[in-house]
Structure formats: structure tokens, C-alpha cells
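Following: one structure in C-alpha cells, then a few remarks.
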Amino acid sequence: MKCKSTQDNYMKWTRSTGLPYTVDAVPGIDDTKILWIGPKRLNKVLFYCHGGGYMISALAPQMNFYRYIQLELQKRGAQVGVAMITYKLLPEHQFPTQLRQARDALDFLIQSGVHPRNIMLVGESAGANLVIQTLSHILRRLPSVQPLILPTGKIFRGALLISPWVSMTADSKSSWSLLHSRYKYDILASRIIRLLSKEVVRDIPEANIMFLDPVEAPKTWFDGLDNVVDRVLITYGELEGFAPGIQLLCEKYLKPYHEDVMTLQQRDGVHGDPILKFIRKRQDLGDMVPLIVDWVAEVFMN
């Protein structure tokens, strides 16, 4: 059975929370939408790409998490809008469809008057991967996608990447024993990861794979990143199977070209742990969620 769309889930979520149902249609061929979590605000914006392996729509816990961040920032005097984009899913819609949609939505916000300096790119899992794709496209440009050109000297305020999905190329080829050893303590099953990884890299030309899987790129791939985004925070769980790939991305690809890339590892944490805290209404937020809120607040208020 086909899962409900992100927009359907968003409508249900707004009804359950009593928040406004606010949708912007993005010009283009893909029927992309921007769904506003909480009040629509353009002075400061979290540009949110949701996770789900490019096969699952955004769900209530994800919306709850970003609504929580919004409310916590409000307590500190920062009025921030959360713009969640819709994008088409696998297997019907392969890369670079999602990159094109993210590019179009981001350009729409900028053309609507949102200064890049007031935009933070955020996402978890596949959504964080989509943020990385967008940064790669700005730096290197995938020929089949229209460029996203920032005004001269204008860069994004920050990027928040929670458990970013990388190393899908390697995971699609890894032995079962290696995958099982990496994912045995994670919430993601090695069998599912193998299937998702094979599907997401299917039929992608070798010349383009680094836009999707950055650890397949040359080590200089992110040279110039400090001219695109001001600050970067990457979080991941100690026990998650993506951890080796995330560590490789941070240490070998990002930090050599950006002096303000911060990484936080959650002790005993699993994939997407901060989001999981919002499955239940009353929950222990743990250590990572407050650290994320503090970082976002510091970036936006400084």
C-alpha cells in the first residue's frame, strides 16, 4: 500500500496541533511545496529536508522535533520559521529529482526575499543527505540541474545535519557479515540498508555519484564550502551504522575546508536519535536535543 504523502501527513499534524495549514507552491515541473511548521516567518528560516531513505514521507515525530526547536528559540527571543519541503520518492523518482526540488524550493525562498544569511539548512538521514547534495551542487553544479547562484558574498547562516546518510555506494556492495556487524546495535536493519542503498544508487552514472554519496568524491570536493555556509553541526549516534561514513565525511572532506564544522556523537545513540525522542508526547529528551537547540540558537542570535 502506498504511504500517505508528506503534505497529507502535514495536514493531519496541523489539525491535531491546532497550528495553521500554510502551503507555498514552488514554481517548476515537480509540484514541490513548502509546508510551514508553525507560523510562516521569513526573517529567519530553517529550511528543512525530511528523512526517510527517499522512500518514506515526513511523519509527525519529525514535525514535532522542529516545532520544539522553534518554540525553544522563541523563548530565547528568536522568531524562526520552519519551511519543510515536499519531494518525490523512490522508486518512481530517482536522483536528481530530489536535488532539483530542493534547489527550486531554496531559490523560491531567496526570490521571496529571504536573505541566505537568514537561512539554516537542516535535515536528518536522507534529508541531511539532500542538504549535502544541495551544498555540493552550489559548489560543483550537476549539469542536469539548474544552478543555484547565491548573491556575491552572501552565504547561508548554517547547516544542521543529523545522522546524514552517506556511504550508500559502499553499503550497496558490502558483505552481509560486515553490514550486520555495523548495524547490529542500530535501529536500522542491515537488510533494509542494503536494499535502500542499492535502490538509491541504481543507474546513477559514475560521474554523478559523488553528488549523492559525498565520500565517493575527490577529497577536495568541498573546497570552498566556507564561502557557501557559515557554520556546520553534524550529530550522530555512537551505535549507528552510518557512524564510520559520517566520521569519514567530517574528518577527510569537510573539516579541511571549513574551520567551523562541529561534530557531536551521542553516547549509546542510534540513527536519528534526537527525532526518536519525539515519538511520544512526554519524553526524556536526552543530552543531544538540548545541545542542538543551543547551537541553533547561538548561530541565529549571534
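The values are calculated or read from the model by the stated rules, or taken from the named source; none is laboratory data. It should be emphasised that the depicted structure is a prediction, and the values quoted were computed from it without experimental measurement. Quick reminder, even Gly has a Cβ in these numbers, built from the backbone with ideal geometry, and neighbours come from all protein chains shown.
Residue-wise test of (1) in contact (Cβ under 8 Å) with a residue 40 or more places away in the chain; (2) under 18 Å from the mean Cα position of the chain (by Cα).
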{"position": "LYS252", "(1), (2)": "no, no"}
{"position": "MET262", "(1), (2)": "no, yes"}
{"position": "ASP273", "(1), (2)": "yes, yes"}
{"position": "LYS277", "(1), (2)": "yes, yes"}
{"position": "LYS281", "(1), (2)": "no, no"}
{"position": "MET301", "(1), (2)": "yes, no"}
Next on the checklist: Suppose we keep only residues that are under 17 Å from ASP268 (Cα atoms) and among the small types (Gly, Ala, Ser) within the stretch 163-185. Which one would you say is modelled with the lowest pLDDT?
Outcome noted: SER181
Next on the checklist: Of everything in the stretch 271-292, what is under 16 Å from ILE234 (Cβ atoms) and crowded, with 17+ Cβ neighbours inside 10 Å? Give them in sequence order.
Outcome noted: HIS271, GLY272, ASP273, PRO274, ILE275, MET288, VAL289, ILE292
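Out of the residues in the stretch 283-298 that are within 30 Å of THR220 (Cβ to Cβ) and of a type outside the set (Val, Ile, Thr), state the one that is nearest to the chain's Cα centre (by Cα). Explain how you work it out, then say what you get.
To start, the set of residues in the stretch 283-298 that are within 30 Å of THR220 (Cβ to Cβ) comprises 292, 295-296, 298.
Among the residues that remain, those that are also of a type outside the set (Val, Ile, Thr) are: 295, 298.
Values: TRP295: 16, GLU298: 20 Å.
The qualifying residue nearest to the chain's Cα centre (by Cα) is TRP295.
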Checklist outcome for this item: If we ask which residues in the stretch 13-28 are assigned to a loop (DSSP other than H, G, I, E, B) and either in contact (Cβ under 8 Å) with a residue 24 or more places away in the chain or crowded, with 16+ Cβ neighbours inside 10 Å (or both), their number turns out to be 5
Checklist outcome for this item: Among residues of the stretch 35-51 being over 15 Å from the mean Cα position of the chain (by Cα) and closer than 14 Å to VAL114 by Cα, the residue surrounded by the most Cβ atoms within 10 Å (Cβ to Cβ) is LYS44
Checklist entry - Does LEU142 fit the bill of being touching a helix residue (DSSP H, G or I) at 6+ places or on another chain (Cβ under 6 Å) and surrounded by fewer than 24 Cβ atoms within 10 Å (Cβ to Cβ)? => result yes
Checklist outcome for this item: Being under 18 Å from the mean Cα position of the chain (by Cα), within 23 Å of ALA297 (Cβ to Cβ) and not hydroxyl-bearing (Ser, Thr, Tyr) narrows GLN70, GLN98, GLN7, GLN74 down to just GLN70
